[in-house]
Amino acid sequence: MSGILWWLSGAALAFLLTAGAFLLLANAGDSPSDKSLRPDSPSTPSGPALELQLPKDRLASLEHNPDQNLAISIRNAGDERLSDINVSVKVSSENTALSEARYYRSSVESLAAGEIVSREFALDLSVAARSPEPARAIIEVRATTPSGVSSVRTAILPA
Amino acid sequence: MTLAALATGCGGATQIVQIKALPAGQDRADFGLGPGVRPLSHGPGDKSAPAWNPTDERVAFVVDGYVVDKPLYNQDLRRWTTKDFGASRSEWRSSEGLTIFAESPSPDPEEPGSVYRTLPKDTPFGVEKIAAGALAMSPGPGGEGLIVALETSPYESGIARIGGNGKMDQIYTNLIGGRVTGISLSPNGGQVAVAARGAATVALHVLDLATGDSKTIARLEPGMEIHGDPQWTRRGIYYVAGEEDTGESKLAPDHLYRVPAGSSTPEPAPGVGEDFVASSLRLSPNGERLAIVGRRNPASSTNLYILEPATDNLKAVTANEDMEIKTGPYDLAWSASGDRMAIVARGVISGPRVLSAPADTILTDFYNLYEVPIEAPEGDAP
């Protein structure tokens, strides 16, 4: 009788130990850190950052002709003041055999964190119309600072 | 395929989570043409006429009328011609040389073109004209040399053979009636099939390269014309044909036809279905399969299909979502190994697009080359 009790208590102890070990393993393996489950919060850039904005409604009304006015917004999206921002615009055709791209430049002397300024360019988009086949026009805008902060946006206009 | 099973929970419930492995190729981004499709170029430029080199390590193509080539997966472009060259297609002559077909600079589309070969690559943009008055060209038997169709008069064309040294080896005295619009080799390389537009009708001719004998094997209905090169398979000669281009909008789409071996009567190509709209086709290097750019019916999107003439089995190898696939006769090319194809496509845009990238890195907004994997036919798998 005592042998049976001894055997039963031994089996119960073994069961409890095994179950405990499984629980430990299960908890260890199934508990991703809170960090990995947390959705990405909206990025709040730290350090310098530039953002370029090209108004789509204005882009939609541009024609493949000279003197097409386009206002480009430059926003300081970082947390430091930026100075001597160079803004350059390259207008070209989708047709790479036409080498006559048009280049435009402007600058922003200083831009506080979060500040936004606009620069207007009178673009000659006729270069795309010179292609023998209908070609898309490309407006490539870059903003750069001497400290190496930069941003690029490319607009593609249908033929 | 089960990769892992996780035991979870403490209440006695066990949840088995199966993680399936992705089929080969689906770990890549989808570029709007289906799984496994991979870009071979990017940036602006009206790209066309891809051609794989004999070792499938490089691809040549035409950009806005000039010829470049590049390693498959990087953008180290090598330009072979001046930008105003007017090239329409190229073929690899060897791993380091190209044959280039250039259109005439004349605005008259009926003006014949010229065939050039590239000079050693230390000669910048060095090309040598090897044939003038050219109407069509095909690689020669075994990939050696070239077969060209030449304009001899407004009503007749000649066939000539150009050797690997760029010299005209043989000019066949039997002329082809009409203006040649396409040419291709027979499966054994002993003959060429020639499409030619005569005064009244378009006809298919065959010329024996050993004897020079030629004969007309089929004639199309009046008002119909063949687009691109006919493709000669063991099951007959296939071609895309439709209404003659009169400059006005076409009402009827183009279809795929076949002149069965030993027959002189063209028939709708079996296997594709009567609604199938064909645009261009190319025979695989082993001659067993036809790649076709086309549509299942006039309302469906354009895709790349593989037709096996031996079984009449047709299979789509792209899953076009919203891309515009080029449909020119040379805008699709088999790799030398026959396990890939190159096609040209771009995204459709109806309004302006703004992207956060320099223009020369943008892909789908311009015509670019895409590599499409082609599975081996069933039974051919290792």
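What the table shows:
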item	result
5 angstrom amide H check on B:E324, placed H, neighbours 5+ away	B:R346, B:G347, B:V348
Computed FRET value (nearest 0.05) for B:D169 with B:A200, which takes r as the C-beta separation and R₀ as 41 Å	0.75
Nearest-10 value in Å² for the accessible area of B:S114, using the 1.4 Å probe	20
Interface area, A with B, accessible, probe 1.4 Å, both sides summed, Å² nearest 100	2100
Lysine-lysine proximity count for chain B, Cα under 17 Å, sequence distance 8 or more or distinct chains	9
Peptide B:359-370, shielding by other chains (average Cβ, 10 Å cutoff)	3
Total charge dipole magnitude, the stretch B:251-379, about the Cα centre, Cβ charges on Lys, Arg, Asp, Glu only, Debye to nearest 20	200
Per-residue HN-Hα couplings for the stretch B:358-372 [Karplus 6.51, -1.76, 1.60; θ = phi - 60°; Hz; x = Gly/Pro]	x, 4, 6, 10, 7, 9, 6, 7, 10, 5, 9, 8, 10, 8, 10
Candidates B:I183, B:I349, B:I237: whichever shows maximal mean-square fluctuation once chain B is modelled as a Gaussian network with Cα springs under 10 Å	B:I349
Pairwise centroid distance, computed over Cα atoms, of the stretch B:78-145 with the stretch B:178-242, Å	22
Other-chain or far-sequence residues with amide H under 5 Å of B:V317's (modelled H)	B:L304, B:Y305, B:I306
Residues of the stretch B:38-373: accessible area per residue with a 1.4 Å probe, Å²	42
Only Lys, Arg (+1) and Asp, Glu (-1) charged, at Cβ; the stretch A:53-99 dipole about Cα centre in debye	40
Candidate residues B:Y367, B:Y238: accessible-area rank, largest first, probe 1.4 Å	B:Y367, B:Y238
Calculated FRET efficiency for the pair A:S147/A:N69, C-beta based, R₀ 45 Å, to 0.05	0.90
Rounded accessible area of B:W52 (nearest 10 Å², 1.4 Å probe)	20
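The values are calculated or read from the model by the stated rules, or taken from the named source; none is laboratory data. Just so it is clear, the structure is predicted and the values come from calculations on it, not from any experiment. Using ideal geometry, Cβ is built from the backbone for each residue, glycine included, and neighbour counts are taken over all protein chains shown. The accessibility values were calculated without ligands, DNA or RNA, using every heavy atom of the protein model including side chains. Shrake-Rupley method; radii C 1.70, N 1.55, O 1.52, S 1.80 Å.
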